[in-house]
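This report concerns only the one structure given below.
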Amino acid sequence: MKIDSKNDVLWRVFLVYFVVVAVGVLVVLAIVRIQWKDKEELLEKASKRELKVRDEKAHRGNVFSSNGSLLATSVPRYNIFFDPVSVDKKIFDAEVVQLADNLSRMLKNKSKQQYISYLKDARAKNRRYVKIANKISVADYKKMQEFPIFREGKNRGGFIAERSYVRELPYGELAARTIGYVREDGDVYVGLEGAYNDYLKGKDGKQLVRRINGNFWMPMPSDENRDPVNGDDIYTSINIEIQDVAENALKKCLIENDALQGCVVLMDVKSGFVEVMASLSYNEKKNKYEEAYNFALRHNVEPGSTFKAITMLTLLENDPNFDIERKLNLGTTDYKVFHRRTMRDSHRVTDDDGNVTIRSAFEQSSNIAFATLVTEAFEQNPDRFIDLIYKTKINEPLNLDIKGEAKPDIKTTNDKRWSKLSLPWMSIGYEVMMTPIQILTYYNAIANDGVMVKPQFVKEIRHGNEVKQVFDTIVINERIASENTISTLQELLKGVVENGTAKSMSKLGFSVAGKTGTAQISQGSSGYNKKNYTATFVGYFPADDPKYSCIIVVSNPRGKKYYGGSVSGPVFKEIAEKVYATRLGVTDEVGGYEADCNAFTSASMVYFDDFLNYCNNENVAFVDNVQDNKWVSVEQTADNVFVNAVEMEENKVPDVKGMNITDAVYVLESMGWKVKFEGYGKVKSQSVKAGTELRKGSVINLVLK
């Protein structure tokens, strides 16, 4: 049978044509399906595998002290990974042993042999993202970049570094609880870091990235990309030098008195800015005191006798004719019964006839006297007593920037806890609860002529050099009491130091006003015992022109002493001396020295610019033998004043006698030594003789006169 070749060719052509058309239709249908039905699903899968939007973390702002020292900052840390598959076999085989040795020496978490096995096994299993180290420093990161294999870089050496930032406190635990921290994953916001987190954290950016190999991602252009905005810096009122003194003094006190915990707060009287806040608690597991709990603002205590200044305010405000020189007859014992419950004084305060003036009763902190006075004045109208307290606003929370402040608990007569005993016992600081910083705020108001200001911790917020916000003083109460009442309270608080329970403070070279407080700690339903106490001293200085107020509270001292004057008083004394010597004792000086040429000639050396300022102000002529020296000695003869350069040798202690403490500390600490001092005024003597070679970091003790 003969086949028509022409028809056969046509048939085959048509067959191919129909197949091509059919395939084309299927392709078009598939495209349509992808575009309209499967688009979102496929894009989602692609994005999960090959594309993603990555957060670009903003750099967190810094926290600074009052003098510009860094209190908290973010430092880079690197997580290191290794892609052994990307390394040329010859390089890997030749250098893996040396790499393992270097890693073992630096990280000290595996032996050399363990690292050899770890790296070879990863390559054999074709693993491309092998963990090497977490959060190493910049210095270690740079060293690791030079390790064998790693020095070949990312592509040829498989060296993968992921940068992150961790928060560091340059001063370690110093003021750590006040500075605080943020754990956003656990929704934990503590201290200033937590309070100002919205400023500090900045704004994270967004970056579209595409996977190019293993776990390598390459940035891609996108309209949705956004650069991160770094956080703002906060400038606090914390004085890190005084904070150091305060924490050391408090720790020494807690150790000596075997106390459970304690705190110190130092505040500028006029502005309310807090320059020191330290809280230390004993950690039994670690066998040390640490800043683990902000006792100063989170812990309510019964204020004890420090509340008597509030009680005295109610008595003075209630009766304009109240006379603090009036005599009370309290009998010749140290106890008195109120509503079938006995109240005692720590010692008898009356004379042989059983009399004592109200002034003396305040100075000697008589419980009986104040319970008697308050009962007489307010027993028929206890609401009046509460109203006068509430009028000061000490019953209200301070609403501090730092979160966690405990609310003051000063009950009213409508409270179900109110009883006949409430009035006399509240008068001496029991059945009321306040935090240490709330107590201090009241005393600060007395020092501030009746103006109660809010404690604050941050003065400015800046972004780079731009000042974005300045925080001014916030007044809580324009006047907590009349001018006469405030004046009387100031007089009485000075008397406590001059004649009463804080007499040890009278030996300072400047005036102090304040009040001691010793309160038994409530054991709940078990009542009180004579083993657990809170010892407090709160006051301000200089008493005649108050600049700083300060409170020290020590909880549960278990040694031989438990009175506020003997336990907390020495801490106040040490802090006040340091502040006065460095901040207040030189306020009337020109450039740090009195406007008297003898002040310069008597010092071993002085700052040249200070001397120039003095000479310009006083029109003093001098012979200048100085070139570029900052520190000079001054010699005065009958005819001339000579200024000579002072040369200081590295590692040799200079002579600082006669210098003011600010200059002496600056010179010695800038040369690498630590300085401690006692007293106030100019340097009288130094523990290390001038010219002695001394290792950096050693301590030099100065005695001031």
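Evaluate the stretch 412-421: report whether one residue or more is open to solvent by less than 10 Å² (accessible area, probe 1.4 Å), on the phi < 0 side of the Ramachandran plot and not charged (D, E, K, R).
So the first thing to find is which residues in the stretch 412-421 are open to solvent by less than 10 Å² (accessible area, probe 1.4 Å), and the list is none.
Within the stretch 412-421 (the criterion being open to solvent by less than 10 Å² (accessible area, probe 1.4 Å), on the phi < 0 side of the Ramachandran plot and not charged (D, E, K, R)), the answer is no, since none of the residues qualifies.
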- Query: When the stretch 95-117 is examined, which residues are found to be β-branched (Val, Ile, Thr), within 15 Å of Arg151 (Cα to Cα) and open to solvent by less than 50 Å² (accessible area, probe 1.4 Å)?
  - Reply: Val96
- Considering the stretch 637-674 alone, what residues qualify as being closer than 18 Å to Asp610 by Cβ, in a loop (DSSP other than H, G, I, E, B) and either in contact with a helix residue (DSSP H, G or I) (Cβ under 8 Å, 6 or more places away or on another chain) or open to solvent by 70 Å² or more (accessible area, probe 1.4 Å) (or both)? Met648, Pro654, Val656, Lys657, Met659
- What number of residues within the stretch 104-131 satisfy the criterion of being touching a residue at least 12 places away in the same chain (Cβ under 8 Å) and not in a helix (DSSP H, G or I)? 6
- Note on the structure: Scanning the stretch 42-59 for residues that are open to solvent by 40 Å² or more (accessible area, probe 1.4 Å) and assigned to a loop (DSSP other than H, G, I, E, B), the one modelled with the highest pLDDT turns out to be His59
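Residue check: is Val683 under 24 Å from Ile575 (Cα atoms), touching a helix residue (DSSP H, G or I) at 6+ places or on another chain (Cβ under 6 Å) and in a loop (DSSP other than H, G, I, E, B)?
No: the conditions fail for Val683.
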- Message: Residue under question is Ile439, and the condition is that it be under 24 Å from Glu491 (Cα atoms), touching a helix residue (DSSP H, G or I) at 6+ places or on another chain (Cβ under 6 Å) and assigned to a loop (DSSP other than H, G, I, E, B); does it hold?
- Response: no
- Task: Report yes if Ala195 is of a type in the set (Gly, Ala, Ser) and closer than 19 Å to Ile238 by Cα, otherwise no.
- Result: yes
- Report, by residue number, each residue of the stretch 442-480 that is part of a loop (DSSP other than H, G, I, E, B) and open to solvent by less than 10 Å² (accessible area, probe 1.4 Å). Gly450, Pro455, Phe457, Ile480
- Failed condition for Pro303, given (1) under 24 Å from Tyr533 (Cα atoms); (2) free of Cβ contacts under 8 Å to residues at least 40 places away in the same chain, with all others met? (2)
- Message: Testing Asn134 on (1) free of Cβ contacts under 8 Å to residues at least 60 places away in the same chain; (2) open to solvent by less than 60 Å² (accessible area, probe 1.4 Å), one condition comes back false. Which one is that?
- Response: (2)
- Out of the stretch 678-705, which residues are open to solvent by 40 Å² or more (accessible area, probe 1.4 Å) and either under 27 Å from the mean Cα position of the chain (by Cα) or not small (Gly, Ala, Ser) (or both)? Glu678, Tyr680, Lys684, Lys689, Thr692, Glu693, Arg695, Lys696, Val699, Asn701, Val703, Lys705
- Criterion (over 11 Å from the mean Cα position of the chain (by Cα) and assigned to a loop (DSSP other than H, G, I, E, B)) met by exactly one of Glu173, Glu224: Glu224
- Query: Any idea which of (1) in a loop (DSSP other than H, G, I, E, B); (2) open to solvent by less than 30 Å² (accessible area, probe 1.4 Å); (3) among the basic types (Lys, Arg) is the one Arg348 doesn't satisfy?
  - Reply: (2)
- Query: What number goes with the only condition from (1) in a strand (DSSP E or B); (2) among the β-branched types (Val, Ile, Thr); (3) modelled with pLDDT of 80 or more that Thr178 does not pass?
  - Reply: (1)
- Item | Every pair of residues 6+ apart whose Cβ atoms lie under 9 Å, when the first sits in the stretch 21-41 and is modelled with pLDDT under 70 while the second is part of a helix (DSSP H, G or I) and not hydroxyl-bearing (Ser, Thr, Tyr) | Ile34/Leu42
- Residue count, the stretch 233-242, condition in contact with a Phe, Trp or Tyr (Cβ under 8 Å, 6 or more places away or on another chain) and open to solvent by less than 10 Å² (accessible area, probe 1.4 Å), comes to 5
- Note on the structure: Filtering the stretch 481-490 down to residues that are open to solvent by 40 Å² or more (accessible area, probe 1.4 Å) and touching a residue at least 12 places away in the same chain (Cβ under 8 Å) yields Ser482, Glu483, Asn484, Gln490
- Restricting attention to the stretch 137-164, report how many residues are surrounded by 13 or more Cβ atoms within 10 Å (Cβ to Cβ) and part of a loop (DSSP other than H, G, I, E, B). 5
- Message: of a type in the set (D, E, K, R), touching a residue at least 12 places away in the same chain (Cβ under 8 Å), part of a helix (DSSP H, G or I) and more than 21 Å from Glu302 (Cβ to Cβ): is that true of Asp383 in this structure?
- Response: yes
- Taking only the stretch 424-436 into account, find how many residues are outside any loop (DSSP other than H, G, I, E, B) and open to solvent by 10 Å² or more (accessible area, probe 1.4 Å). 2
- Only residues in the stretch 440-459 that are on the phi > 0 side of the Ramachandran plot and of a type in the set (Asp, Glu) count as the first member; pair them with residues that are surrounded by fewer than 24 Cβ atoms within 10 Å (Cβ to Cβ) and in a helix (DSSP H, G or I), Cβ under 9 angstrom, at least 6 apart or cross-chain, and list the lot. Asp449/Glu483; Asp449/Ile486; Asp449/Ser487; Asp449/Gln490
- Matching residues, the stretch 181-203, being at pLDDT 85 or above and of a type in the set (Asp, Glu): Glu193, Asp198
- Enumerate the strands (runs of 3 or more DSSP E) found wholly within the stretch 535-636, keeping only those where 1 or more residues are more than 30 Å from Val656 (Cβ to Cβ) and either modelled with pLDDT of 80 or more or open to solvent by 50 Å² or more (accessible area, probe 1.4 Å) (or both). 548-555
- Complete set of residues in the stretch 254-279 that are open to solvent by less than 10 Å² (accessible area, probe 1.4 Å) and either closer than 19 Å to Val451 by Cβ or assigned to a helix (DSSP H, G or I) (or both): Leu254, Val265, Leu266, Met267, Val269, Gly272, Val274
- Message: With the structure loaded, tell me whether Met659 is out of contact with any Phe, Trp or Tyr (no Cβ under 6 Å at 6 or more places or on another chain) and hydrophobic (A, V, I, L, M, F, W, C) or whether it fails that test.
- Response: yes
- Task: Output the number of residues of the stretch 386-400 satisfying the condition of being in a loop (DSSP other than H, G, I, E, B) and open to solvent by 40 Å² or more (accessible area, probe 1.4 Å).
- Result: 4
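The values are calculated or read from the model by the stated rules, or taken from the named source; none is laboratory data. Being a predicted model, the structure only gives us computed values, none of them experimental. Positions of Cβ are generated from backbone atoms using ideal geometry, with glycine treated the same way; all protein chains shown enter the neighbour counts. Heavy atoms of the whole protein, side chains included, go into the accessibility calculation; ligands, DNA and RNA do not. Shrake-Rupley method; radii C 1.70, N 1.55, O 1.52, S 1.80 Å.
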